[in-house]
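Before I ask anything, let me first share the structure, which is written out below as structure tokens.
Please treat every number below as a calculation from the coordinates, not as lab data. The model shown is predicted, which means the values in this text are computed figures rather than measured ones. So basically every Cβ, Gly included, is an ideal-geometry build from the backbone, and we count neighbours across all protein chains shown.
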């Protein structure tokens, strides 16, 4: 426990209290939890599998693993995922937190991740007793010495919090470097279906071209071999299944087999009804396009309102967040946020409008001048935020 940081979201309590006191009520754009209904096709599959009297398979049913492989081929431009290299997980955060431990990391090891990143990459290293190492791009990797070479390297595209998408050549360089040094690469790709760069999907119409956001398993990236590579994906965002804890990891069958063996001993298994719901969700693109359309409208409204209020949006070409700052920026440390005196001026400014957002410093020191603004609020609450920003 001494190795773990204070849970960052607890430090937002005074800002939430201030925002909640607004006459029009709270608009919560902080955590990014889905607010729209879980699709009927998913709920029907869950209900049909409700007679779950037997223990589920840790590895997942063959039907589920084949559905994941087919989804990669259809939606991610990855035609050669081996179903034996697929493993369902109890949400993606669980896997992120435990992957260093499952790979055998310990005090002598390093776990590397982007300098601006989902904080659970850091937490996972600490749980294993390993050293967390933020890195700033490919140049930082190239400067690493053999004595401090990471056991595991996380990449995240589209990024949480910035929404930045890594291109094929960038990812290919990461893979080549990792293989040269014997480093496992885990790629968090949970926002891949929420790419806003193409004109025809900028407002959520349809789905992006398969492979538009390249996977670490894309043959253009990995030269047709998944050796040493793992891709992590969640159905929480694209299918409003956050409460189902429905996710999976896919890639190198040898690595997946190792994860499977440990998880079998530990009883880390996805419930049978959830596995059936995952099969339904992975086989239906219609609901994903519909959800994208909802987020596209909200994104456009918030983007315009923030710019009109003097905010500058950076990156944010994909995902569920807007990465915003002003000329003044934000500042502060999560551990110092005990009042509204000044630790996070942008948060305080938003809280006065009844809007709660996330401080960029939650995602690393490089984010201290920014805030992360989620698109996950109802149409009515987004409209309220837009009116207040105006």
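How far, in nm, would the chain grow between residue 198 and residue 31 when pulled straight, counting 0.36 nm per residue and subtracting the alpha carbon separation? Walk me through the intermediate numbers first.
Values: separation 167, 0.36 × 167 = 60.12 nm, distance 2.63 nm.
Length difference between fully extended and current span is 57.5 nm.
At 222 nm, what helix-only mean residue ellipticity would the chain give, in deg cm²/dmol to the nearest 500, using -39500 (n - 2.57) for each DSSP H run of four or more? Spell out each step's value before the answer.
On the way: 13 runs with 142 residues, N = 390.
Computed mean residue ellipticity for the chain: -11000 deg cm²/dmol.
Using 1/(1 + (r/R0)^6) with R0 = 56 angstrom and r between the beta carbons of residue 66 and residue 297, what's the FRET efficiency to the nearest 0.05?
Values: r = 35 Å, r/R0 = 0.62.
Using R0 = 56 Å, I get an efficiency of 0.95.
Can you give the percent of C-alpha pairs in the chain whose distance is more than 37 Å? Walk me through the numbers on the way to the answer.
Numbers: 14860 of 75855 pairs.
Considering the chain, 20 percent of its Cα-Cα pairs are separated by more than 37 Å.
Can I ask one more? Roughly what % antiparallel, to the nearest 5, for the DSSP beta bridges in the chain?
On the way: 20 of 38 bridges.
In the chain, approximately 55 percent of DSSP beta bridges are antiparallel ones.
While we're here: Assuming R0 = 22 Å, what is the FRET efficiency of residue 73 and residue 41, from their Cβ-Cβ distance, to the nearest 0.05?
Numbers: r = 20 Å, r/R0 = 0.92.
Computed FRET efficiency for residue 73 and residue 41: 0.60.
Using a basic spin-label model with each label point 7 Å from the Cα along Cα→Cβ, how many nm lie between residue 181 and residue 258?
1.7 nm
Counting only the backbone N, which residues of region 121-154 are under 18 Å from the spot 7 Å out from the Cα of residue 108 toward its beta-carbon?
Zone members listed by number: 128-132, 145-152.
Hey, another quick one. Determine the gain in length on full extension of the stretch residue 380-residue 142; use 0.36 nm per residue of separation and subtract their C-alpha separation, reporting nm with one decimal. Before the final figure, lay out the partial values.
Numbers: separation 238, 0.36 × 238 = 85.68 nm, distance 4.80 nm.
Extra length from residue 380 to residue 142 when fully extended: 80.9 nm.
When the chain is fully extended, how far beyond the present Cα-Cα distance does residue 48 get from residue 17, taking 0.36 nm per residue of separation? Don't skip to the end; give the middle numbers.
Working: separation 31, 0.36 × 31 = 11.16 nm, distance 4.15 nm.
Fully extending the segment from residue 48 to residue 17 adds 7.0 nm.
Okay, moving on. Measure off 7 Å from each Cα along the Cα-to-Cβ vector at residue 312 and residue 223, then give the distance between these two points in nanometres to one decimal.
4.0 nm
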